[in-house]
Structures are given as C-alpha cells and as structure tokens.
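**Student:** My questions will all concern the structure given below.
The values are calculated or read from the model by the stated rules, or taken from the named source; none is laboratory data. Computed from a predicted structure; not experimentally measured. So basically every Cβ, Gly included, is an ideal-geometry build from the backbone, and we count neighbours across all protein chains shown. Calculation scope for accessible area: heavy atoms of the full protein, side chains included, ligands and nucleic acids excluded. Shrake-Rupley method; radii C 1.70, N 1.55, O 1.52, S 1.80 Å.
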Amino acid sequence: MNFLIHVDNDALFSAGIAGLIQDAAAENSISPVNVFYEYTVENIQKADFIFITVCAGEYYLCFNDLIYKKSTAKVFLFVSSNNIPDNALLPECIKEATFFPQKTSSGEVRAALSEALRRYLQCNDLKPVGKKNWACLDCNYKTLSFTQDKIVRGLNNCLSINEIADRIGIHYKTAVSHKKNIMSKFNLHSKTELYEFISCYQKKKQ
C-alpha cells in the first residue's frame, strides 16, 4: 500500500506521520508499506493515502495536483488552526477529505487512519484511476479578484494598507474593505491566520 506525505518543511512532523502509518498498517496486517515524501504527479497517482498540511483558508483554493490522484485515494489534511470548514464548500478533490485541526492528538490521528485502512481493505467497488478533468468543470474552489491579489502581494511584501492603496491607486478605505473581504471569503479569524494564508497562497502561485 502506498502513502504520500506532503508536509511543509517539518521533518519531525513528517516522521511522526510515518510512524503512525507504520503502526496502523501493522494493526491491520498490511504489508508492504511504501511511504513517499516527494509531492510529484507520479507519487500522487500511486498513492492510496495522501497526507497534506494546510493553513487556515488554504483548503478553499484549487488543489490542481490532486486531479491526478486515484478516485479511491483517501486524503488527510492537517490544519494549522482549529477551524474546520464545511465539506460542502470545498473544492471537489478534497470534498471527501478527513480534517485534523491543530488540537488533534496523535492517538486520534492513528485511530482515524486505522479505521480508514480497514474501510479501504473492505472496499471492493474500485473506481477508475487517473486524471478527472470533468471534476474541475463545476468545482467551487475560491480565488482572489485582481485587486485582492494585488493587496495580498503587498501585504506579503510587508507593505501597510496605506502604502498598498497608494501603489495601486485606490482609496485607503477601499483597500481596507478588500482586506476584510479576503478574510471573510476564506474564513480567516485573525491577523495571524491572514498572514499564514497569504504565505500559503503565494507558494501555490509559484
């Protein structure tokens, strides 16, 4: 069985997930266990279980690489906050994902993984594997408007709202309104969550 771990520069957390995978696999008599750490299309296609860390609000963005995952693959998302989104509002490729908020214990993660492994082994109705362009056609992932994107870039470059407003030629109050709309659109509850989201958003654009 194949497992893909995509953790952002946290070797200790990545090793912890790998340990939980080995424990849950042993509990369910699963062998061999292949763990991949490179987030490539090839590994996404091979993975039966995918583990990803995300920041608050990032889960509303497009996860375009996941269109290559197996339709039977299970996705686990570790969120850097304790806010869990409504699955109905999520992009198609992670709508069935299991979320673990920041407060989740390792025991709870192991129990969820073990249960998912049992269900996976009992599944006989395997669906086709491969890229599913049709799933993206009506996907309700969220994006930033042209102006919101400029404001996010300015904040990412440590500019104040006043400086951003001057540079893009809008009124200060309009810039503030855009910032509030960004926080509302992505369900961000604090300045910390906003700046974490901005960092994640900029990485996705690279």
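**Student:** Count charges around residue 27 for me, please; just the other residues with Cβ under 13 Å from its Cβ, Lys/Arg as +1, Asp/Glu as -1.
**Tutor:** Overall, the nearby charge balance is 0.
**Student:** Skip the ligands, DNA and RNA, and give the accessible area per residue of the range 146-204 with a 1.4 Å probe, whole Å².
**Tutor:** 58 Å²
**Student:** Let me ask you something else. Work out the P(r) tail for the chain: percent of alpha carbon pairs separated by more than 32 Å, whole number.
**Tutor:** 24 percent
**Student:** Of the accessible area of the chain, with the probe set at 1.4 angstrom, what percent is carbon plus sulfur?
**Tutor:** 49 percent
**Student:** Can you tell me the orientation of helix 172-185 relative to the chain, as the angle in degrees between its alpha-carbon axis and the longest Cα principal axis, to the nearest 10?
**Tutor:** Once rounded, one gets 20 degrees.
**Student:** Let me ask another. Given the range 2-123, what whole percent of its Cα pairs are spread farther than 23 Å?
**Tutor:** Of the Cα pairs, 25 percent sit more than 23 Å apart.
**Student:** Let me know the longest stretch in the chain that avoids all trypsin sites (Lys or Arg not before Pro) found in a DSSP loop with at most 13 other C-beta atoms within 10 Å.
**Tutor:** Longest run free of exposed loop sites: 1-102.
**Student:** If you don't mind, another one. Any idea what the alpha-carbon Rg over 2.2 N^0.38 Å comes to for the range 146-204?
**Tutor:** Compared with the compact-globule rule of thumb, the range 146-204 sits at 1.02.
**Student:** Something else about it: Once you've got the Cα coordinates, tell me which of 103/203; 46/180; 180/205; 69/180 are over 32 Å apart.
**Tutor:** In this structure, 46/180; 69/180 lie more than 32 Å apart at Cα.
**Student:** Please list, ordered by chain and number, the residues whose modelled amide H lies under 5 Å from the amide H of residue 78; skip anything fewer than 5 residues away on the same chain.
**Tutor:** 52, 53, 54, 100
**Student:** Going by alpha carbons, how many degrees (0 to 90, nearest 10) lie between the helix axis of 106-122 and the longest principal axis of the chain?
**Tutor:** Rounded to the nearest ten degrees, it is 60.
**Student:** Oh, and also: With a probe of 1.4 Å, find how much accessible area the range 2-123 has per residue, and write the answer as a whole number in Å².
**Tutor:** Result: 46 Å² per residue.
**Student:** Under 5 Å between amide hydrogens, which residues at least 5 positions from residue 72 or on another chain qualify, with H placed 1.01 Å from N in the peptide plane?
**Tutor:** The answer is 127.
**Student:** Next question. Using each residue's phi in the range 162-170, evaluate 6.51 cos²θ - 1.76 cosθ + 1.60 at θ = phi - 60° and report the 3J(HN,Hα) Karplus result to the nearest Hz, with x for Gly and Pro.
**Tutor:** Couplings: 4, 5, 5, 4, 5, 5, 9, x, 10 Hz.
**Student:** Roughly what angle does helix 146-156 make with the longest principal axis of the chain, taking Cα atoms, 0 to 90 degrees, to the nearest 10?
**Tutor:** In the chain, helix 146-156 runs at an angle near 80 degrees to the longest axis.
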